[in-house]
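Report on the following structure.
The values are calculated or read from the model by the stated rules, or taken from the named source; none is laboratory data. These figures come from a predicted structure and were not determined experimentally. Ideal geometry is used to build each Cβ from the backbone, glycine not excepted, and the neighbour counts take in all protein chains shown. Quick note on the areas: whole protein, heavy atoms, side chains included, nothing else; ligands and nucleic acids left out. Shrake-Rupley method; radii C 1.70, N 1.55, O 1.52, S 1.80 Å.
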Amino acid sequence: RNLRDMDVFSKSDPMCVVYHQPFGSKQWQELKRTECIDNTLNPDFMTKVPITYFFEEAQHLKFCVYDLDSNSHDLSQHDFIGGCECTLAQLVSSRTVELTLVNPEYSGNNGTIVITTEELSASKEELSIQFVGKKLENTHWFSSITPFLEFFKSNENGSYTLVHRTETAYKTVNPTWKEMNVQLRTFCSADYDRNLKVVCNEFRSNGSHKEIGTFFTTVRKLMAGPSQDNNYWLINERRKRSKGSSYKNSGEIFVNKSNVRQVYSFIDYIKGGTDMNAFIAIDFTASNGDPRSPKSLHYINPSAPNQYSSAIQSVGEIIEDYDTDKFFPVLGFGARMPPEFTQVSHEFFVNGNSTNPFCHKVQGVLEAYHGCLQRVQLYGPTNFAPIINHVARFAQESRGGDKYFILLILTDGIITDMPITKEAIVNASRLPLSIIIVGIGNADFDAMEELDGDNVRLSSNGRFAERDIVQFVPFRDFLQGGHMDPYTAKLRLAREILAEVPEQFVSYMKTNNIVPQPPKDSIAMPQSGNLVAS
């Protein structure tokens, strides 16, 4: 509330970043980022922050608010408005807390942040629903309106909390919004009869959105789907008072379709027998340097692993636990092959065995990698598409939910077949596949961010990826200028690059209506309290 305005000709575009200190550590680690809300000094963030609560621990949190100036993921490229610190216990005991934002470089008023905390129910149900509008009130003479909906759930003290916001429907008084999927445990605290307030707003680029009208409902009513009970009049109290008895409504909202379904977790599928299959692809282009030179990224140092080996160990040791047979196909690209060394291959087996390219466990992968450096001639260019298409062919054959594929690509430079790679990723986005790209060395990897569709969905020739399946991470970000020991760097790398895989996995299963098989073994698991902060 009342954030400091960092922009000259418009209002700030705020986003909040939440940090926590892991148990036993004094280092802040990023936990979650909210969405960015354009042109406002009083944003209501829709993003929720799930946190596991432990009574016996002092769980320290930090909230930092930034004014975003671009699509860059790098926070140093944005203006810091202010931040504050507290403990999760403070939030739990007070439910709603308003804290002052502090900026060491600015002593004036930076604004405040209001944090509401509630316990999540164990519900795994999800509501899929679509709304349409009819004859929304337009007070403009020469232009149309761009409406959107905001959903608020009622709290025990009579206040309301924002739980969902639709996209805008461009310049129409008869909008059809996209079908929305919301988890009931956050949408209505899994209470079908909890009151919901729905506000229809007219979007304005300066951030001062105008209310068209409001209606109230419950999830129990919405579940009934298209019916007379789910036809709602939008009521604008200000317009109602000014027009008196002549006022009828400011438009109507209808439920076009609705259903509630069970939401399954990553663990549900793993317990049901879904097998994780990892492919590893290694860059053997000449830009890595002569493997015999200590300056080479491929140099084998007996006393310490190079970045390629560290990345293989980081990811492989975790994926290995989910892979039933522990065998990894390992591919190479960008090298000239023996015996003639005249032809560059962008898709070869690192162990040199075309009939059995599998390496047993991580140690087998490392041995094959070290041996390959002695056989091939590093060359170039850096092409990803052949490797992605190779793995995609396997994923194409296993679309029923019994297998899920992870492709780990380790590379030192910018790819040279970007258009073809984008097309390959867009094609693969409909398959049970996640792609992890780790940048090795100190090259300029800015172009790689385009493949990581966190901010803008990847597209090729007018087609958009069905899912975000790519995660890109530069390994150098985890070395901290050499101040971090290699073991800790490996742990942090593994956590960062694998964090999105469960969500990508579940999104594939959900999109294709695949339900998990019954658990192979029923083992009781301990329960922890789950909280969500908004």
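Tabulated values for the structure
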| item | result |
| --- | --- |
| Cα gyration tensor shape for the range 67-172, rounded if a/c is under 1.5, else prolate or oblate | oblate |
| Coarse-grained scattering of the range 229-385 at q = 0.18 Å⁻¹, given as base-10 log I(q)/I(0) from a Debye sum over alpha-carbon atoms | -1.09 |
| The range 1-116, accessible area per residue, ligands and nucleic acids excluded (1.4 Å, Å²) | 54 |
| Built amide H within the under 5 Å cut-off of L433, gap 5+ | F405 |
| Exposure rank, largest accessible area first [H60, H298; 1.4 Å] | H60, H298 |
| Gyration tensor verdict on the range 139-184 (Cα atoms; rounded if a/c is under 1.5, prolate if a/b is larger than b/c, oblate otherwise) | oblate |
| The range 177-222, accessible surface, carbon-and-sulfur percent (1.4 angstrom probe) | 44 |
| Cleavage-rule hits (trypsin sites (Lys or Arg not before Pro)) in the range 10-66: DSSP loop, at most 15 neighbouring Cβ within 10 angstrom | K26 |
| The range 386-433 - accessible surface per residue (Å², probe 1.4 Å) | 34 |
| The range 70-169: chymotrypsin sites (Phe, Trp or Tyr not before Pro) falling in loop per DSSP and having at most 12 other Cβ within 10 Å | W141, F142 |
| For the range 382-394, Karplus couplings with θ = phi - 60° (6.51, -1.76, 1.60), whole Hz, Gly/Pro x | 9, 10, 9, 4, x, 5, 4, 5, 4, 5, 4, 5, 5 |
| Distance violations [Cα-Cα > 27 Å] among K124/K171; K124/K153; K326/K422; K153/K178; K11/K62; K62/K271 | K124/K171; K326/K422; K62/K271 |
| Tensor-based shape of the range 329-451 (alpha-carbon gyration tensor, a/c under 1.5 rounded, otherwise prolate or oblate) | oblate |
| Taking the C-alpha atoms of the chain, convex hull volume expressed per residue in Å³ | 189 |
| The range 211-262: trypsin sites (Lys or Arg not before Pro) in DSSP loop, at most 16 other beta carbons within 10 Å | K248 |
| Heavy atoms of H209: accessible area, 1.4 Å probe, square angstrom to 10 | 70 |
| Listed peptides 304-310, 13-19, 289-295 by packing density, highest first (mean Cβ within 10 Å) | 13-19, 304-310, 289-295 |
| Surface accessible to a 1.4 Å probe, I514 within the full protein complex, Å² | 30 |
| Cα-derived Rg to Rh of the range 122-262, Kirkwood definition | 0.97 |
| Contact order relative to length of the range 1-143, as percent, for alpha carbon pairs under 8 angstrom and 6 or more apart | 21 |
| Part-to-part distance (alpha-carbon centres) for the range 58-125 and the range 140-167, which is given in Å | 22 |
| Area accessible to solvent at I414, 1.4 Å probe radius, in Å² | 70 |
| Angle in degrees between helix 361-375 and the longest Cα principal axis of the chain, rounded to the nearest 10 | 50 |
| Within the chain, percent of DSSP bridges classed antiparallel, to nearest 5 | 75 |
| Accessible surface of the range 323-453, 1.4 Å probe, proportion on carbon and sulfur as whole % | 50 |
| Carbon plus sulfur fraction of accessible area for the range 1-124, probe 1.4 Å, in percent | 51 |
